[in-house]
Each structure stands twice: as C-alpha cells, then as structure tokens.
Amino acid sequence: MTDAGAGGGGRAAAGAESASIASILRTRRVVVCCGTGGVGKTTTAAALAIQGARDGRHAVVVTIDPAKRLAQTLGLEQLSNTAHEIDRTLWDVDDTAVAGGRLHALMLDAESTFDDLVRQYAHDEDQASRILGNGFYRNIAGSLSGTQEYMAMEKLYELHATGSFDLIVVDTPPTRHALDFLDAPRRLTRLLDNRIFRLLMTPARAGFRVGTVAAQAFLRTIARVVGTEVIDDVLAFFRAFEGMEEGFRTRANEMLALLGSDESAFVLVTSPRHDAVVEATYFADRLAEGSLAVEALVVNRVHPRYPGARPDVLRARADQLLVVDGEDVGEVASNLDRGAALALAAQYENLADLEELAIREERELRGLEQRIGTVAVAHVPELAHDVHDFDALRAVAHHLV
Amino acid sequence: MAGKGGVGKTTVTAAMSVAAARAGMSVLIVEVEGKSGLAACFGHPPLAYAEAELRPGVRARTLTPDDALVEYLEDHGLRRISRRLASSGALEVVATAVPGMKDILVLGKVKQLERGGVADLILIDAPAAGHAVSFLLSAQGLLDAVRVGPIRKQAADVVELLTDPARCQVMLVTLPEETPVTELVETAFQIEDRAGLALGPVVVNGCVPSIAGLDTATVTLPDPHTNGTDGDATAATLAAAARFRLDLERRQQEQCDRLAHALPLPQIRLPFLFTADIGPAEIDTLADALAGGIDALDPVAQP
C-alpha cells in the first residue's frame, strides 16, 4: 500500500479554491459519498443534495438501499430507475431557500440499469434479447459482486450525460472494500476477457491448438462438478455478448475519467469509531492510488467534548466522595448527605467516561485527518434521533456547511 | 454470528469464543470474509488458512472460496486442475454462473469440519449485512438451480446442517439504535422463514451501562470542588453530561423494548466500553457479560 500522506494532494495542491463543503456544493457537478456501512453515508448524501437544492442548484441524489423511513421521506418506496422530483414545499417549508433550486431523488435499480446498458450497446434487438434472457447474464446483473457499485457509477454517468442536473450526489454501496467500487468496471471486463472461456468460444479460429483441447478437458471437468446446463448457459452468454465488450470498456473508461475530473469531488464519510476509521483510511488510500483525492471528510455521530475536564481528576473526585467498604458506600465529604455524595460521584464518573470517549475519538480522527491531508472536515454530533425527515436532514446539512 | 456492518459482530464473536472456552469447550472461529479485526481482538497477527491458536481453547482460521474449492477438488480426485481453476479466474466465471457456489464451498467445508469433530463449538463470523441472508440461503438456492452432480449433494448436506437446530443456530448481533434494530428484525424473519434456521438469543452490543445515583443527579448539586479549574468540571458541565447519558440510556432502552416487542427472542446486552480500543482485556470484559447473559437465560429455552 502506498503512503497516502502526501498523495491526497492532486487537485487541492493544483490550486483549486480552498475547499469547504459549502464551496464543493456550489462548484462541483458530481459529489460521491463513500465510506463503510453503518456510518450514515446515505443520510449524508441526502443532506448534501438538499443543501445544494436550497442553494439554488438543480440537485439529484442517487441512493442505494436507504433505511426505510429515510426512503419514505425521499418518496422512494421502491427501486426507481428514473429520478423523481421532490416537491419544494417538503424541503423548503419556511420558504427560506434560494429561488430556482430543485431536488430529485432515485433509488438505484442496479439490474434495470444494467439491462438498459445492454440494450444501448447491443447491435440489434435480437442480440439484446439473447443476452437479457440468458441465465448467466441475469446472475451478473442481479448478484455478481461489484455490479451494484458499477451500476451506481453508470447511473451517475448517465445522469451527468443528460445535462439535466447541475449537482449529482451519489451514495455508494456499503461494501467493505473500496476496491469493489473503483474496480467494478474492470472486474466485469476481466470476467468477459477470461482466457479459458474465450478459447472455448473460438475453436474454429484457434484451430486444434493444445490450449483448446486442454480447455475442453477443463470444461468437461467443471461440467462434472456443476452440471452441463450451467456451462451451456455461460457459453451462450459469451457468444451473445461478442462484440459488445469494446463499448462497455470505452464507457467504463469515460466514467472513470469523469470521476477523476475537476467536476467531481469525493466525500469520505465515517464515524469516530475505531473500526470505521480503519475502513475510512483504507478508502482514502485506495482513492489516492486511483489518483482520486478525498476533498471532504464528514464525521458523523461525534460525542460532545467538555473542555477543561480531565478524566483522571474527575475519577479522583469521585473516589474522594465515596469510600467503598465492602458492599457499603459511605461518604467522606462531610457537608453532603449520603444520597448527594452518591449522586455527585456518579456525575463525576459519567463525565470522566464521556470525556475519555471524546478524547479517544479525537485521537482516532487525528490520524485519519493527517493521512488524507488538508481537506474540508465537518463533524456532525451524535443526534437525539435517527435522521429520516426533512427537518432532521436540514439539521445535518447545517453541521456539514 | 450475524449482523449488519458496524455493530461489532467480530468483537462479539471473539467474546463468545472466550466465554465458551472458559466453560471448558474447545472453540474454532471461522472467518469467511478476508479482512477483519478478529485476530487483533486477541493481540494476534492476521489469520491465515491454517489454524492458529488465539488463546487456550480458542483456535481460528480463515476460509475463502478459492481455498475451499481447491480442497474440494483435491478431495474429489481432481487435484491436477484444482490450482488452475482457482488461479485462472475460471472460478469467478463458474461462481457467477452458479450464484451461491462460493458460499456453498465455504459452508461445505464448515460442514466437513463439524462432522470431523474439530471443536466442541464452531463460530462462523458471517458476512455482513444483507449478504448474511444470501449466504445462508445459498444452499437452498443451489438445490433449486443445480439438478445433478456433487455440488448438489454438497448443498443438500449443508441444508441439513443449517436447518438442524441441535447442530446450528444463528446468533444475531445489533446495536440499541433505530435502524440496526429495524434491520435486525427483518433479517431475523428472513433467516427463520426463508432459510429455515433456528435463532439463538439476540446480542445487543454497546449498551451504555447505568451508573448508580446518576438518575437522581440531574439537579445541580453543591460541591466546593466543582469550580471548573485544574481538570475539574463545573456543576453545570456535570449536569449537562449527566443529561446526555441519561437521555442516551433512555433511547437505548426504548430500542431494546421495541426489539423485544418485534422479536420474541431473549436478549443478551453487552456494555459499551468507553475507555479503550478492543483488545484482549476488553474481550474478557465482554465475555463476562456474555456469560452472565447466557446464565440468566431461561434454562428451558436452552437446547
């Protein structure tokens, strides 16, 4: 793994305006939220899109598997492959947003997106229907690992190409590895390029070379394990797909070029928990390897700090108040009765706990922030309720900008 | 052990292994996803395919589909092509053609370990989130898709293992928060109804422990020391912090109640640890809580 400490620099070092999340929302056309599962990525994406709309932009948020109540808020009861507009009165109840802004949302339907792509690149309807009806293709579109990540980016590219939106905020699937997301197009083309299956498809052209004979034997062995029907399906797919790879490859490259352009910004979302920070660091490194800079860091669910308080001092205070004698708790502070001493000691213990937690979170985040370099950082406090209505989303957006 | 990402599934798996080892059982933890903090919980370097002892009575290993496939083919007299199949990328193609095949290879290996009596208890640190359900459904799905061949036999054996409550149970892990609880309830019904697996108690991780006396402390109390200097805190700060915790405890309790209402399964609550990152000492603390929770279960409900 490369040292990303200096690698985050691409665009920031190239002299783009000193980024804040507000300026990213004003100037970029594409914002990709990435991070591990359970850190509030979808919520962050929705809040960013709302903020963009409120700033007068024509925004769309592409969500992936949002929690049910958030989905309801965004009017996304089911998968939809086209963006639908959210009524302004819902996200601008008090009529304070900049005029002209619009807000759209969609929930990614990876399978239909893939189908559309096949229809677009097929030479004719016959080729398209042969592919779409193939069992092996249905597995690729429906369940191949990496397909959802790939289609999220494809949908982004498609929305960008329509020119209808000036701010596209994309949520990414909660996959463990950034690799899946960055490599998804390449993974598919690698699958299509698989040497053994290519050899099998072209016995006539390849003649009776050793490779082909070996491949045939190999295939028979696989068929013995999983059954011949499965292999027939695979071969039918490769035959039907022939000639389309180039179109897919070109589009995938254009998509990666868009992500790497000045129009796009990556926002890394995390929580201050140790495991989330480890994952976030991995994401930052992988993005840097792909020459994609993280331009903003959003830390959700940060616990409050209580300036001046020191856990060791607080715990000592609690100990002074209470003398533990076997099961019995007595008091030493003579001016307090037993109940008051117990209560005060509890307060000291609690503050020490919370402050220790806050210090630990700060330490975790310091390492991450140093690693990704100078980027806009926003901390969103631990909120009293899960975020699933427009008021709460606006409150989150307020912390973000 | 199953649960959505970020709920501490791996930590709970580690604590479970320690609790079982203390009760005199030999435990094998099986990691089915490449990367996890499991070994780090024991202060041990990352795991490999070969077994490693993490502490007395607790062994662990990883189990990847590629490794399982090579072993499977070798066991079936196909040694010559096994490496080539895994290394050529053909597995990727075959696995795409037969969804769930990777999961079946892994679960088939688990079944083999179980039948071989390698440990008193095998803990599988299952894939995160929605994949846990498809992981457990893979065998049934494969039975429907593949009509003949050794893979079908493998799938049938796996279904038999998974659906026998005396041999296999799923312990779900969650946090006392709205979305994780909602998703856990959905997952529970899918695992029980669609995959036909038995559910053990639910582990609610990260419950903020109560401090005796804190609930009476929301009124500002007089104390000559609370003047806010030298690392001390003012009475107002103490009161604000107390309110924060009490509010958090109340919200967590609401979620535990909601979970109990939606899912009639016993709950084992594990404490939130304020002080340190998860290491051997913290795993011991959680194992204590887990063992206590298991002891407190209705004995009739236990197998």
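The values are calculated or read from the model by the stated rules, or taken from the named source; none is laboratory data. Keep in mind it's a predicted model, so treat the numbers as computed, not measured. Here the Cβ is made from the backbone with ideal geometry for all residues, glycine too, and neighbour counts use every protein chain on show.
Can you tell me which residue among B:Ala188, B:Ala198, B:Ala242, B:Ala262 is over 21 Å from A:Leu357 (Cβ atoms), within 14 Å of chain A (Cβ to nearest Cβ), surrounded by 15 or more Cβ atoms within 10 Å (Cβ to Cβ) and modelled with pLDDT of 90 or more?
B:Ala262
Out of A:Ala265, A:Ala346, report the one residue that is in contact with a strand residue (DSSP E or B) (Cβ under 7 Å, 6 or more places away or on another chain), at pLDDT 80 or above and aliphatic (A, V, I, L, M). Before you say what the answer is, go through the steps one by one.
On the way: A:Ala346 fails: in contact with a strand residue (DSSP E or B) (Cβ under 7 Å, 6 or more places away or on another chain).
From the options A:Ala265, A:Ala346, the qualifying one is A:Ala265.
Answer yes or no: is there a residue in segment A:301-313 that is under 30 Å from A:Phe165 (Cβ atoms) and either at pLDDT 85 or above or at the interface with chain B (Cβ under 9 Å from one of its Cβ atoms) (or both).
Step one: list which residues in segment A:301-313 are under 30 Å from A:Phe165 (Cβ atoms), which gives A:301.
Those still in the list that are either at pLDDT 85 or above or at the interface with chain B (Cβ under 9 Å from one of its Cβ atoms) (or both) too: A:301.
Yes: one or more hits.
Within segment B:108-158, the set of residues being small (Gly, Ala, Ser), modelled with pLDDT of 75 or more and not in a helix (DSSP H, G or I) comprises B:Gly116, B:Gly117, B:Ala119, B:Ala126. Candidates A:Arg394, A:Arg338, A:Arg363: the one that is at pLDDT 90 or above and farther than 24 Å from A:Ala46 by Cα is A:Arg363. Close Cβ contacts (under 6 Å, 6 or more residues apart or on different chains) running from residues in segment A:122-146 that are closer than 16 Å to A:Asp109 by Cα to residues that are of a type outside the set (Val, Ile, Thr) and in a loop (DSSP other than H, G, I, E, B) comprise A:Asn139/B:Pro99; A:Ser143/B:Pro99. In segment B:265-285, of all residues being of a type in the set (Gly, Ala, Ser) and within 14 Å of chain A (Cβ to nearest Cβ), the one that is farthest from the chain's Cα centre (by Cα) corresponds to B:Ala276. Just one of (1) under 22 Å from A:Val277 (Cα atoms); (2) modelled with pLDDT of 90 or more; (3) among the hydrophobic types (A, V, I, L, M, F, W, C) fails for A:Ile64. It is (2).
Is there a residue being touching a Leu at 6+ places or on another chain (Cβ under 7 Å), modelled with pLDDT of 80 or more, within 14 Å of chain A (Cβ to nearest Cβ) and not in a strand (DSSP E or B) anywhere in segment B:45-58? Looking through segment B:45-58, none of the residues is touching a Leu at 6+ places or on another chain (Cβ under 7 Å), modelled with pLDDT of 80 or more, within 14 Å of chain A (Cβ to nearest Cβ) and not in a strand (DSSP E or B). The residues of segment B:90-105 that are more than 9 Å from chain A (Cβ to nearest Cβ) and crowded, with 24+ Cβ neighbours inside 10 Å, listed by number, are B:Asp103, B:Ile104, B:Leu105.
A:Val380 meets each of the listed conditions (1) touching a Gly at 6+ places or on another chain (Cβ under 8 Å); (2) modelled with pLDDT under 90 apart from (2).
Conditions tested, residue by residue: (1) of a type in the set (A, V, I, L, M, F, W, C); (2) outside any helix (DSSP H, G or I); (3) touching a His at 6+ places or on another chain (Cβ under 7 Å).
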residue: A:Phe238; (1), (2), (3): yes, no, no
residue: A:Val269; (1), (2), (3): yes, yes, no
residue: A:Asp275; (1), (2), (3): no, no, no
residue: A:Ala280; (1), (2), (3): yes, no, no
residue: A:Val298; (1), (2), (3): yes, yes, no
residue: A:Arg301; (1), (2), (3): no, yes, no
residue: A:Ala316; (1), (2), (3): yes, no, no
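Can you name every residue in segment A:314-323 that is at the interface with chain B (Cβ under 10 Å from one of its Cβ atoms) and among the aliphatic types (A, V, I, L, M)?
In the first step, residues of segment A:314-323 are kept if they are at the interface with chain B (Cβ under 10 Å from one of its Cβ atoms); the result is A:314, A:316-318, A:320-322.
Hits for segment A:314-323 are A:Leu314, A:Ala316, A:Ala318, A:Leu321, A:Leu322.
Restricting attention to segment B:203-212, the residues that are free of Cβ contacts under 8 Å to residues at least 60 places away in the same chain and surrounded by fewer than 21 Cβ atoms within 10 Å (Cβ to Cβ) add up to 2. If the condition is being surrounded by fewer than 21 Cβ atoms within 10 Å (Cβ to Cβ) and not in a helix (DSSP H, G or I), then segment B:172-185 contributes only B:Glu177. From the list B:Pro99, B:Pro165, B:Pro127, which residue is under 23 Å from the mean Cα position of the chain (by Cα), within 27 Å of B:Gly6 (Cα to Cα) and touching a residue at least 24 places away in the same chain (Cβ under 8 Å)? Answer to the selection: B:Pro127. Select from segment B:1-44 the residues that are part of a loop (DSSP other than H, G, I, E, B), closer than 22 Å to A:Arg273 by Cβ and in contact with a strand residue (DSSP E or B) (Cβ under 7 Å, 6 or more places away or on another chain) and list them in ascending order. Matches in segment B:1-44: B:Met1, B:Gly3, B:Val7, B:Gly8, B:Ser36, B:Phe42, B:His44. On the stretch given as segment A:345-388, residues that are closer than 30 Å to B:Thr182 by Cα, away from chain B (no Cβ under 13 Å) and not in a helix (DSSP H, G or I) total 3.
One line per residue, one yes/no per condition, for (1) small (Gly, Ala, Ser); (2) under 23 Å from A:Arg26 (Cβ atoms):
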residue: A:Ala71; (1), (2): yes, no
residue: A:Arg88; (1), (2): no, yes
residue: A:Ala105; (1), (2): yes, yes
residue: A:Asp115; (1), (2): no, no
residue: A:Tyr137; (1), (2): no, no
